[in-house]
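Here's the structure we're looking at; comments come further down.
The values are calculated or read from the model by the stated rules, or taken from the named source; none is laboratory data. Given the structure is predicted, the values throughout are model-derived calculations rather than measurements. Backbone-built Cβ (ideal geometry, glycine too); neighbour counts: all protein chains shown. All accessible areas refer to the heavy atoms of the entire protein, side chains included, with ligands and DNA or RNA removed. Shrake-Rupley method; radii C 1.70, N 1.55, O 1.52, S 1.80 Å.
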Amino acid sequence: MGPMVAARRFLHHARDGDWPRPASSTVHRIKASLHGSLAFTGKGHSSDRAVVLGLMGCDPATLDPDAVEGILERNAAECVVDAEGFPQWTFNPSEDLIFDYDESLPGHANGMRFSALDEYGQVLVRQVYYSVGGGFVVDEMELERMKAGVDTGPAHDTPHPFATAREMLEMAARSGKSIAGMKRENELAASGRSAPVLGQEVRRIWEAMDACVKRGLSEEGELPGGLFVKRRAKKLAQKLDQSWKDNMLGPLAANDWLSVFAMAVNEANAAGGKVVTAPTNGAAG
């Protein structure tokens with residue numbers, strides 16, 4: 001998610017950012033490099049594919065997993081990125097995407113550098129991004145503000161503030177509200193959303209989670225990444241389903257199904273599918 005978000009951010013920065021623009025030069029080519037952990041795990045984690053998708057205008061929240069291969073094939077065939085609403089720029093992953101194993105960027109282990117070049121190969125603008133977990137990406141200035149403890153977001157008073165689980169349980173006892181109810185009121189206050197809009201967004205998250213489980217249960221074969229790991233969720237689900245049909249349910253059948261659902265999500269994540277980071281990609285199962 002991080003490389004996709006960063007690539008998409010750079011796409012917007014190259015088109016709309018506040019950087020010096022020589023009168024006689026325009027962006028012709030995009031180059032990118034992955035550093036540190038992203039370089040060493042890039043292929044296995046499909047970071048290279050994510051960079052291409054981001055430069056093609058894709059966003060993790062709205063990307064259709066079934067459209068991914070077609071988008072990547074179009075870039076491979078034409079060696080350009082042509083996101084809707086953006087100029088067409090040259091980007092050939094085999095030449096313009098570098099896994100830099102030698103240089104670690106100073107801010108974070110997951111660093112990326114993007115450059116926009118003119119037709120003569122001169123760099124017009126360059127930007128560094130860091131993937132700091134959960135799909136969140138910051139540039140160099142944002143990272144420095146984070147390290148300095150500067151909160152750039154708006155401050156909100158919440159009706160049920162808490163710093164520990166003990167405080168949360170004590171508030172629940174005093175108020176007679178459930179934890180979910182208190183969190184919902186906090187979210188409404190902090191986000192400024194209306195109750196119907198919040199309900200729609202929660203429903204959208206649930207639909208993504210449900211679709212991820214179903215996707216993981218429907219696919220077979222090996223997972224990408226070169227480790228030759230075979231998918232297991234679909235076959236295990238078929239065995240559990242047959243046990244139900246044969247009335248051979250054990251006392252832990254519900255836990256067995258939960259485990260299979262978790263495995264389905266983990267396999268969908270490993271294959272580059274859409275997951276809800278709960279709280280991270282690795283824990284989404």
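Accessible surface ranking for Ile98, Ile71, 1.4 angstrom probe, highest first: Ile98, Ile71. From the Kirkwood radius over Cα pairs of segment 1-91, Stokes-Einstein at 4 °C and 1.567 mPa s returns a whole-number translational diffusion coefficient of 94 µm²/s. Computing FRET efficiency as 1/(1 + (r/R0)^6) for Val202 and Gln238, where r is the C-beta to C-beta distance and R0 is 22 Å, gives about 0.10. In this view, the solvent-accessible surface of Lys274, computed with a 1.4 Å probe and all protein chains in place, comes to about 60 Å². Heavy-atom accessible surface of the chain, averaged per residue, reaches 59 Å², computed with a 1.4 Å probe. For segment 14-114, DSSP calls about 60 percent of its internal beta bridges antiparallel. Split the accessible area of segment 160-222 by element, probe 1.4 Å, and carbon with sulfur accounts for 57%.
Shown here: the chain, whose C-alpha atoms stretch 71, 50, 36 Å along the first, second and third principal axes, sorted largest to smallest. Contact order, relative form, for segment 2-113: 43 percent (alpha carbon pairs under 8 Å, 6 or more residues apart, mean separation divided by residue count). Every Cα-Cα pair of segment 178-262 was included, and the share exceeding 18 Å stands at 63 percent.
Max-minus-min Cα coordinates of segment 127-188 on each principal axis give 50, 22, 20 Å, with the largest extent listed first. Checking the cross-link pairs Lys43/Lys230; Lys239/Lys274; Lys214/Lys245; Lys183/Lys214 against a 24 Å limit on the alpha carbon distance flags Lys239/Lys274; Lys183/Lys214 as lying beyond it.
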